[in-house]
Ligand code: PGA
């Protein structure tokens, strides 16, 4: 059985004052039947980890370097994230792929570093609008999965998030059939590459304009094991609605 996961990505949002949202969130979910993860900016990570200690919530990073340490000004290693209290790290988000020219091989090397350090890697894949309109979404997703997911992946250390680029922060969401088609495809790819046992145990998240109002429908789609949420994870009340929808799915 795959345990469901509601993951929030705060992106470059939040200073110390935002930690009160985390407190509200943990008070709203003293017991949870799903995993809850918040990935705040790196500057808040260790304070966030302290504030959720002993609660149902865990915290994660939004990126890491592929090396464990060294002369890389401004970068953060997986070991540092772990030391700050992270359990997981988002890798290969489309904003990183665009803003920092990250390619599949970079994402794969970062994922290796994260897994070696003992973090779960949440690897993001997703097509652009042009790619969807050209009807090669599954080719794109398959290629990104082959290129970005390392061989050492297991159901414990790998989570894959399907995030159509055109759905991120736009309020546009694929149809439930389109989400199901991609998630079933991703499951089959993982089973073929890693065998049925591992392939079936990797959690698959959908991300892109998930809100309390559309979450229940999305969570009813086959092979959707949770969500990676941007904007609606910034306010505890919104994210709580998504968590509740996942708990009832
Ligand atoms: P959004 O972002 O929920 O604001 O669309 C999703 C994401 O980038 O993970």
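Observations on the model:
- On the basis of the beta-carbon distance and an R0 of 25 Å, residue 31 and residue 213 show a calculated FRET efficiency of 0.50.
- Estimated [θ] at 222 nm from DSSP helical runs (n ≥ 4, -39500 (n - 2.57)) normalised by residues in the chain, nearest 500: -12500 deg cm²/dmol
- GNM top mover of 35, 104, 217 - the chain, alpha-carbon springs below 10 Å: 217
- Packing-based exposure ordering (other Cβ within 10 Å, fewest first) of 185, 239: 185, 239
- Approximate spin-label separation residue 50-residue 12, in nm, with each point projected 7 Å along Cα-to-Cβ: 2.6 nm
- Relative contact order for the stretch 5-248, counting Cα pairs under 8 Å that sit 6 or more residues apart, in percent: 20 percent
- Highest mean packing first, where packing is the average number of other Cβ atoms within 10 Å per residue, the peptides 123-132, 7-16 line up as 123-132, 7-16.
- Packing-based exposure ordering (other Cβ within 10 Å, fewest first) of 162, 206: 162, 206
- Of the residues 106, 225, 83, 151, the one with the fewest other Cβ atoms within 10 Å heads the list, and the complete ranking is 151, 83, 106, 225.
- Between the stretch 180-233 and the stretch 2-32, the alpha-carbon centres lie 20 Å apart.
- Potential lengthening of the chain between residue 100 and residue 116 amounts to 3.5 nm, from the contour at 0.36 nm per residue minus the alpha-carbon distance.
- Mean separation of Cα contacts under 8 Å (6+ apart) over length of the stretch 1-136, as relative contact order %: 20 percent
- Taken along the Cα-to-beta-carbon direction at a fixed 7 Å, the label points for residue 83 and residue 247 span 3.6 nm.
- Overall form of the chain per C-alpha gyration tensor (a/c, 1.5; a/b vs b/c): rounded
Every number in this text was worked out from the coordinates using simple rules, so none of it is lab data. Worth saying up front: this structure is predicted, and the values here are computed from it rather than measured. Backbone-built Cβ (ideal geometry, glycine too); neighbour counts: all protein chains shown.
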